[in-house]
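Contents: one structure, followed by commentary.
The values are calculated or read from the model by the stated rules, or taken from the named source; none is laboratory data. For clarity, every value in this text was computed on a predicted model and none was experimentally measured. All Cβ positions, even for glycine, are placed from backbone atoms using ideal geometry, and neighbour counts span all protein chains on display. For the accessible areas, the whole protein counts, side chains as well, though only heavy atoms, and no ligand, DNA or RNA atoms are used. Shrake-Rupley method; radii C 1.70, N 1.55, O 1.52, S 1.80 Å.
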Amino acid sequence: MTMDAMPDVHTLTGAYVCDALASDERAAFEAHLAQCPVCRQEVTELREVVAVLGAAAALEPPARLKAAVGARIAVTRQLPPKVGEERATTAGPVEQGPVEQGPVEQGPVEQGPVEQGPVADGKAEYGQVASLDEARARRRLRRSAWSGWAVAAALAGVLAVLGVHSGSQQQQINALSQQTKVVQQLLDAPDAHSGNAAVQTGGTAAVLDSRSRDEAVITFAGLAAPPPGKTYQLWMMGPGGARSGGLLPVPASGNPGPVVAHGLGDAKTIGLTIEPVHGSPQPTGPPILLLPMGT
Amino acid sequence: MTERVSGHAGAHPPGGLRGVPASAADGPGGVAASPEECLRRVALGDREAFDRVYAIFAGPVFGLARRVLRDPAQAEEVAQEVLVEVWRTASRFDPQLGTAQAWVMTMTHRRAVDRVRSEQAAENREARLARSSAVVDYDDVVETVENRLDQQRVRNCLGGLTDLQREAVTLAYYNGYTYPQVAQLLAVPLGTVKTRMRDGLARLRDCLGVGR
């Protein structure tokens, strides 16, 4: 920069609010701003002016932006205000998430709630939740109809609808970083759809799905553990009837982890029933949840 | 938090994520809360208030990023970053220091310009362009109706500037050029560009009636 930057520093207000200073010059000007109330006032005023120029450039954003933002803010901790610690704690409700860390705590792989075999083939073991290693091995060998993943971003997007924040943001972020690609694909899908519905026995379920991706993520909030001797079973329900999506394992404290469904087929709706502990080939009772997917 | 939202969730129709809850952050009298009030509530973790903030600012944020960056995929990335940042740093918004619009658009412009100037952006541009054209046809983006009014007002006021003022301001702000680059493009001395930007913006301020 030339010598005239020093005496002329006030005249940089215009270039500054246009972000037209190189980074070193920007830093120097900001240092000057800190000591120059007149400059600060002028910057404040001119910022309002350029903000109007900026707003005049508005365009309708792609619809998927909202889902993507919603997914990310649900796993983004908010900064406390720049004051005393007292206020900091009251201003961060994200920290007070009601859901005590459930399955996410265990990391994404352990999420696998529904790892029993492909249920479409009549002889599947309806009731067994495979051990972790077994589940991993099976995942490698074949693509099951469902797999349980801590798909944090998608989960977050769905949870965002419910406004529920999980207790451990960090865990979700960790899981998110591992699953970013898959999740982004789902969120990027032009036909990404989300919805939610109440579970008749209490709680809510939410879905994020895409026909073109042929995938859906289902999450639950406030779902209690099933009655003793019973289990929850998921169903893919379509014109061809109900196809088992597998069992939904729920910790004793409730709050099952998210599940990802591959191969939606002709299913229009995701259903949930209460079944005997080993599951059933077909629903034996009325669904306690009907969760429509996108078309 | 749980009680409030779970009650709300049950009544929410499927696909609600895409919808804009019209009165989500309305004040007690049913009057829509100001953007500043919404930001205050966002700082308290209020998701509904954030939905309203999104409804207000997603278009301006995306549009400005698009204007500066040109590349739709990068503009979308910047818009996403900015809107998440609004959520993250809402507690740092100080209404004494300006409007919510100035706060959000300042953040947007800064990020867009930083990206323009980063080398990585140049490296990625080609791949991203390929990706974006495959995914969405951005030629179909539409301007919102209110913005046509804003645009008309801005256009009128820009028309009231001298050519040099107008070019200096728009090349810097909409194209993301540094003022030495602007000086080069317009073949005028650096000092002239600085002062034209400043007095051009001052004249716009008076014409638009913003900023006191």
Please enumerate the residues belonging to the stretch B:73-113 that are over 24 Å from A:Gln41 (Cα atoms) and more than 8 Å from chain A (Cβ to nearest Cβ).
B:Ala73, B:Gln74, B:Ala75, B:Glu77, B:Val78, B:Glu81, B:Val82, B:Glu85, B:Ala112
Given the conditions (1) farther than 18 Å from A:Pro287 by Cα; (2) over 15 Å from the mean Cα position of the chain (by Cα), and given that A:Gly257 satisfies all but one, which numbered condition is not satisfied?
(2)
Hey, among the residues in the stretch A:64-80 that are free of Cβ contacts under 8 Å to residues at least 60 places away in the same chain and either more than 12 Å from the chain's Cα centre (by Cα) or open to solvent by 10 Å² or more (accessible area, probe 1.4 Å) (or both), which one's nearest to B:Asp46 (Cα to Cα)?
A:Gln78
Could you tell me how many of the residues in the stretch B:55-67 are within 7 Å of chain A (Cβ to nearest Cβ) and open to solvent by less than 20 Å² (accessible area, probe 1.4 Å)?
6
Check B:Leu164 against each of (1) over 24 Å from B:Arg111 (Cα atoms); (2) out of contact with any Lys or Arg (no Cβ under 6 Å at 6 or more places or on another chain); (3) open to solvent by 20 Å² or more (accessible area, probe 1.4 Å) and name the one condition it does not meet.
(2)
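Identify the residue in the stretch A:167-179 that is within 13 Å of chain B (Cβ to nearest Cβ) and either at pLDDT 85 or above or assigned to a helix (DSSP H, G or I) (or both) and, among all such residues, is most open to solvent (accessible area, probe 1.4 Å).
A:Ile173
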Complete set of residues in the stretch A:12-32 that are part of a helix (DSSP H, G or I) and open to solvent by less than 20 Å² (accessible area, probe 1.4 Å)
A:Leu12, A:Thr13, A:Gly14, A:Ala15, A:Tyr16, A:Val17, A:Phe29
Within the stretch A:50-101, the residues that are more than 7 Å from chain B (Cβ to nearest Cβ) and either at pLDDT 50 or above or closer than 30 Å to B:Gln152 by Cα (or both) are A:Arg64, A:Ala71, A:Ala74, A:Val75, A:Arg77, A:Val83, A:Gly84
